[in-house]
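Undergrad: Attaching a single structure in structure tokens format; questions to follow.
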Amino acid sequence: MKPGKLTGGTAGKSTTAGKANAAGGSGKFYEEPIDPYLPNVGNRGYRVSRYELDLTYKVASNRLAGKATVTAATTQPRTRFAFDLSQSLAVSKVSVNGTRAAKYTHQNGKLTVTPAQKIPSGGALSVTVQYAGTPKPVRGPWGEVGWEELSEGAIVASQPNGAASWFPCDDHPSSKASYQISVTTDSPYHVVANGALIRKQVRASHTTWVYEQSEPMASYLATVQIGPYERRRVATSTAVPMYAVLPQRLRTRFDHDFARQPSMMETFIRLFGPYPFADYTVVVTDDDLEIPVEAQGISVFGANHCDGRRGSERLVAHELAHQWFGNSLTLGAWRHIWLHEGFACYAEWLWSENSGGPTAREIATQVHRTQSGLPYDLVLGDPGPALMFDDRVYKRGALTVHALRTELGDDNFFALLHEWTAKYRYGTVTTEDFTDLAAHYSDRSLRPLWDGWLVGRTLPALRDDS
């Protein structure tokens, strides 16, 4: 949903990724950042196709040991290349294509590797990194993100740049890959990671859990959740298997608060198109969380979101909608964040409309009234790093979606959403991709709509759709 931190737990302070050195050439030189919103994150010279992470985690001491194998292909000749990796994790060994690296340095959140031989453009790259340490969330302008201790266990919520807190990666959302995540931890604890559980092996006091995520996934959506949980299926009537992973003490409240989630899934499939993954899991931690967070195929809520009164149902809808808007279709640069949050916020309004609550039009009218009293210092299509998780991105994003619906009419609008989620399924998207596609569903130019809602700072008026 957006970065935040625990309202409880034992998370410690973390280092912040610093300015990256170039990943190629001889000597130090500056390369233009991949994304100006996070200029120190992301790397050039290769494209990752797969991560294989073999992790061992000690809950009591918050100690993580890892072996990461990164499979990639080079996009240009490089004498060296880099991964994002937090300084809280110490690297002990690096090999490239089966040979020990000639050199590696780990500074300012960058693991820079010099292979024994120069890798030509289009060359296969298999890099294995062994590392260990006390994982800590990355601290930045948007809070602390990444691997964080719970009172008993761990949570990983990495948006936008926290993946480097637990494994070496190309930590930019445009870099999507398949994953295998193996976690060995103390046997009493349940482990959840992305994808299908393909193996579980118990050895005395330790259990190894191995998950396979075959659909391409951005690094910030990779997750591990560890806690004193039980897992059960919560819906048998839907086409998509749905699971809950949570402490036993929260089961009764969960059953009430999340009871309408299967209907929510069916509604979103009808409105957005097929659910993009094999199943859907909700994790509820034993700790309170400031906000829920999305991962691919998974949403994570705090104990406080199970209040027995369905007080967080709009957030349940929001996080589920991210499986389409954000996880399957992932922004190509952070300036396009409205494509995630605007659609997920509008999904809240659609769920209300389709479940007997206020209509999207009624909600939009009220939200527009509130937004009109806020400062006009935000450009929705390019809000800047300081404002990219501002609540106005969510609300004005949803208002933009509603304005488009009003302009196109329901038949064209929902046909557009179906094509949008199908055409770019598992892909990377931009605002221009969406506006270009939307143009096919209108007999007149949509440029005035986009100029007003995405480019202008002043809040446009809502058109009467009665």
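Undergrad: Hey, can you tell me all the residues within the stretch 355-381 that are assigned to a helix (DSSP H, G or I), open to solvent by 60 Å² or more (accessible area, probe 1.4 Å) and touching a helix residue (DSSP H, G or I) at 6+ places or on another chain (Cβ under 9 Å)?
TA: Once the filter is applied, which keeps residues that are assigned to a helix (DSSP H, G or I), open to solvent by 60 Å² or more (accessible area, probe 1.4 Å) and touching a helix residue (DSSP H, G or I) at 6+ places or on another chain (Cβ under 9 Å), the stretch 355-381 yields ARG361, GLU362, THR370.
Undergrad: With respect to LEU111, is the statement that it is among the hydrophobic types (A, V, I, L, M, F, W, C), within 16 Å of ASP171 (Cα to Cα) and touching a helix residue (DSSP H, G or I) at 6+ places or on another chain (Cβ under 7 Å) true?
TA: On the way: among the hydrophobic types (A, V, I, L, M, F, W, C): yes; within 16 Å of ASP171 (Cα to Cα): yes; touching a helix residue (DSSP H, G or I) at 6+ places or on another chain (Cβ under 7 Å): no.
When the stated conditions are applied, LEU111 does not pass them.
Undergrad: Here is a further query. Considering each residue of the stretch 115-145, count those that are of a type in the set (Lys, Arg) and loosely packed, with under 14 Cβ neighbours inside 10 Å, and give that number. Reasoning before the result, please.
TA: Residues of the stretch 115-145 of a type in the set (Lys, Arg): 118, 136, 139.
With the extra rule that they be loosely packed, with under 14 Cβ neighbours inside 10 Å, the set shrinks to 118.
Residues meeting the conditions: 1.
Undergrad: Taking the stretch 383-412, which residues are of a type in the set (Gly, Ala, Ser), farther than 17 Å from VAL455 by Cβ and within 22 Å of the chain's Cα centre (by Cα)?
TA: Going residue by residue through the stretch 383-412, those that are of a type in the set (Gly, Ala, Ser) are 384, 386, 397-398, 403, 409.
With the extra rule that they be farther than 17 Å from VAL455 by Cβ, the set shrinks to 386, 398, 409.
ALA386, ALA398, listed by residue number.
Undergrad: Given the criteria β-branched (Val, Ile, Thr), more than 30 Å from LEU246 (Cβ to Cβ), at pLDDT 95 or above and open to solvent by 40 Å² or more (accessible area, probe 1.4 Å), does THR112 qualify? Give the steps one after another, and end with the answer.
TA: Numbers: β-branched (Val, Ile, Thr): yes; more than 30 Å from LEU246 (Cβ to Cβ): yes; at pLDDT 95 or above: yes; open to solvent by 40 Å² or more (accessible area, probe 1.4 Å): no.
It is false that THR112 is β-branched (Val, Ile, Thr), more than 30 Å from LEU246 (Cβ to Cβ), at pLDDT 95 or above and open to solvent by 40 Å² or more (accessible area, probe 1.4 Å).
Undergrad: Among the strands (runs of 3 or more DSSP E) confined wholly to the stretch 131-243, which include 1 or more residues that are of a type in the set (Ser, Thr, Tyr) and closer than 21 Å to ASP287 by Cα? Spell out how you get there, then give the answer.
TA: On the way: elements: 138-140, 143-150, 153-157, 176-186, 190-193, 196-203, 206-218, 224-227, 230-235.
The qualifying strands (runs of 3 or more DSSP E) are 176-186.
Undergrad: Okay, next question. Applying the selection to the stretch 452-466, what residues are in a loop (DSSP other than H, G, I, E, B) and buried (at least 16 other Cβ atoms within 10 Å of the Cβ)? First the steps, then the outcome.
TA: Our first condition is that a residue be in a loop (DSSP other than H, G, I, E, B); within the stretch 452-466, this holds for 456-466.
Listed by number, the residues that qualify are LEU459, PRO460, LEU462.
Undergrad: From the list ALA204, ALA193, ALA222, ALA239, which one is out of contact with any Asp or Glu (no Cβ under 9 Å at 6 or more places or on another chain), hydrophobic (A, V, I, L, M, F, W, C) and surrounded by fewer than 20 Cβ atoms within 10 Å (Cβ to Cβ)? Full working, then the answer.
TA: On the way: ALA193 fails: surrounded by fewer than 20 Cβ atoms within 10 Å (Cβ to Cβ); ALA222 fails: surrounded by fewer than 20 Cβ atoms within 10 Å (Cβ to Cβ); ALA239 fails: out of contact with any Asp or Glu (no Cβ under 9 Å at 6 or more places or on another chain).
The conditions single out ALA204.
Undergrad: Go through the residues of the stretch 364-382 one by one and say whether even a single one is aromatic (Phe, Trp, Tyr), more than 26 Å from the chain's Cα centre (by Cα) and at negative phi. Working first, answer last.
TA: Taking the stretch 364-382 as the starting set, the residues that turn out to be aromatic (Phe, Trp, Tyr) are 376.
Those still in the list that are more than 26 Å from the chain's Cα centre (by Cα) too: 376.
With at negative phi added as a condition, the list becomes 376.
Yes; the residues of the stretch 364-382 include at least one that is aromatic (Phe, Trp, Tyr), more than 26 Å from the chain's Cα centre (by Cα) and at negative phi.
Undergrad: Still on this structure: Note down all Cβ pairs under 8 Å where the first residue falls in the stretch 247-275 and is at positive phi, the second is in a helix (DSSP H, G or I) and open to solvent by 60 Å² or more (accessible area, probe 1.4 Å), and they're at least six residues apart or on different chains.
TA: GLY273/HIS418; GLY273/ALA422
Undergrad: If you check LEU449 against the conditions, is it at pLDDT 95 or above, of a type outside the set (Asp, Glu) and either open to solvent by 40 Å² or more (accessible area, probe 1.4 Å) or within 24 Å of the chain's Cα centre (by Cα) (or both)?
TA: On the way: at pLDDT 95 or above: yes; of a type outside the set (Asp, Glu): yes; either open to solvent by 40 Å² or more (accessible area, probe 1.4 Å) or within 24 Å of the chain's Cα centre (by Cα) (or both): no.
It is false that LEU449 is at pLDDT 95 or above, of a type outside the set (Asp, Glu) and either open to solvent by 40 Å² or more (accessible area, probe 1.4 Å) or within 24 Å of the chain's Cα centre (by Cα) (or both).
Undergrad: Also: Would you check if there is a residue in the stretch 236-246 being touching a Phe, Trp or Tyr at 6+ places or on another chain (Cβ under 8 Å) and either of a type in the set (D, E, K, R) or within 24 Å of ASN62 (Cβ to Cβ) (or both)?
TA: yes
Undergrad: Scan SER237, SER263 and give me the residue that is out of contact with any strand residue (DSSP E or B) (no Cβ under 8 Å at 6 or more places or on another chain), modelled with pLDDT under 95 and polar (S, T, N, Q). Step through it out loud before you land on a result.
TA: Values: SER263 fails: modelled with pLDDT under 95.
On inspection, the qualifying residue turns out to be SER237.
Undergrad: Could I ask something else about it? So which residues in the stretch 430-446 are surrounded by 11 or more Cβ atoms within 10 Å (Cβ to Cβ), under 16 Å from PHE413 (Cα atoms) and not charged (D, E, K, R), if there are any at all?
TA: Across the stretch 430-446, the qualifying residues are PHE434, THR435, LEU437, ALA438, ALA439, TYR441, SER442, LEU446.
Undergrad: Assuming THR421 fulfils every condition listed in (1) exposed (fewer than 14 other Cβ atoms within 10 Å of the Cβ); (2) among the β-branched types (Val, Ile, Thr); (3) closer than 29 Å to MET217 by Cβ apart from one, which condition is it?
TA: THR421 satisfies every listed condition except (1).
Undergrad: Within the stretch 111-130, count every residue that is among the hydrophobic types (A, V, I, L, M, F, W, C) and assigned to a loop (DSSP other than H, G, I, E, B).
TA: Here is the first cut: in the stretch 111-130, the ones among the hydrophobic types (A, V, I, L, M, F, W, C) are 111, 113, 116, 119, 124-125, 127, 129.
Narrowing the set further to residues that are assigned to a loop (DSSP other than H, G, I, E, B) leaves 116.
Adding up the residues that qualify gives 1.
Undergrad: Counting just the residues of the stretch 93-147 that are among the charged types (D, E, K, R) and free of Cβ contacts under 8 Å to residues at least 24 places away in the same chain, which one comes out nearest to TYR57 (Cα to Cα)?
TA: Restricting attention to the stretch 93-147, the residues satisfying the condition of being among the charged types (D, E, K, R) are 93, 100, 103, 110, 118, 136, 139, 144.
Keeping just the survivors that are free of Cβ contacts under 8 Å to residues at least 24 places away in the same chain gives 100, 103.
Numbers: ARG100: 26, LYS103: 28 Å.
Filtering first and then ranking leaves ARG100.
Undergrad: Can I ask one more? Which numbered condition in (1) surrounded by 19 or more Cβ atoms within 10 Å (Cβ to Cβ); (2) part of a loop (DSSP other than H, G, I, E, B) is the only one that SER61 fails?
TA: (1)
Undergrad: Is there a residue in the stretch 334-350 that is more than 26 Å from HIS190 (Cβ to Cβ) and over 21 Å from the mean Cα position of the chain (by Cα)?
TA: Going through the stretch 334-350, the residues more than 26 Å from HIS190 (Cβ to Cβ) turn out to be 334-350.
Of the ones still in play, those that are also over 21 Å from the mean Cα position of the chain (by Cα) are 349-350.
Looking for residues that are more than 26 Å from HIS190 (Cβ to Cβ) and over 21 Å from the mean Cα position of the chain (by Cα), one finds at least one in the stretch 334-350, hence yes.
Undergrad: Quick one: in the stretch 434-445, which of the residues that are of a type outside the set (Gly, Ala, Ser) and closer than 17 Å to LEU339 by Cα is nearest to the chain's Cα centre (by Cα)?
TA: So the first thing to find is which residues in the stretch 434-445 are of a type outside the set (Gly, Ala, Ser), and the list is 434-437, 440-441, 443-444.
So of that shortlist, the ones also closer than 17 Å to LEU339 by Cα come out as 434-437.
Details: PHE434: 20, THR435: 23, ASP436: 25, LEU437: 24 Å.
Per the criteria, the residue is PHE434.
Undergrad: Considering GLY384, GLY409, GLY427, GLY397, which residue is of a type in the set (Gly, Ala, Ser) and open to solvent by less than 10 Å² (accessible area, probe 1.4 Å)? Even if it seems obvious, please write down each step before you answer.
TA: On the way: GLY384 fails: open to solvent by less than 10 Å² (accessible area, probe 1.4 Å); GLY409 fails: open to solvent by less than 10 Å² (accessible area, probe 1.4 Å); GLY427 fails: open to solvent by less than 10 Å² (accessible area, probe 1.4 Å).
Unique residue meeting the criteria: GLY397.
Undergrad: When you scan the stretch 64-86, how many residues do you find that are over 25 Å from HIS190 (Cα atoms) and surrounded by fewer than 19 Cβ atoms within 10 Å (Cβ to Cβ)? Steps first, please.
TA: As a first pass, look at the stretch 64-86 and keep what is over 25 Å from HIS190 (Cα atoms): 70-86.
Then keep just the ones that are surrounded by fewer than 19 Cβ atoms within 10 Å (Cβ to Cβ); that gives 71, 73, 75-77, 79.
Matching residues across the stretch 64-86 total 6.
The values are calculated or read from the model by the stated rules, or taken from the named source; none is laboratory data. What you are looking at is a predicted structure, and each value in this text was computed from that prediction instead of being measured. Neighbour counts run over all protein chains shown; Cβ positions are idealised from the backbone, glycine included. Please note that ligands, DNA and RNA were not included when accessible areas were found on the heavy atoms of the full protein model with its side chains. Shrake-Rupley method; radii C 1.70, N 1.55, O 1.52, S 1.80 Å.
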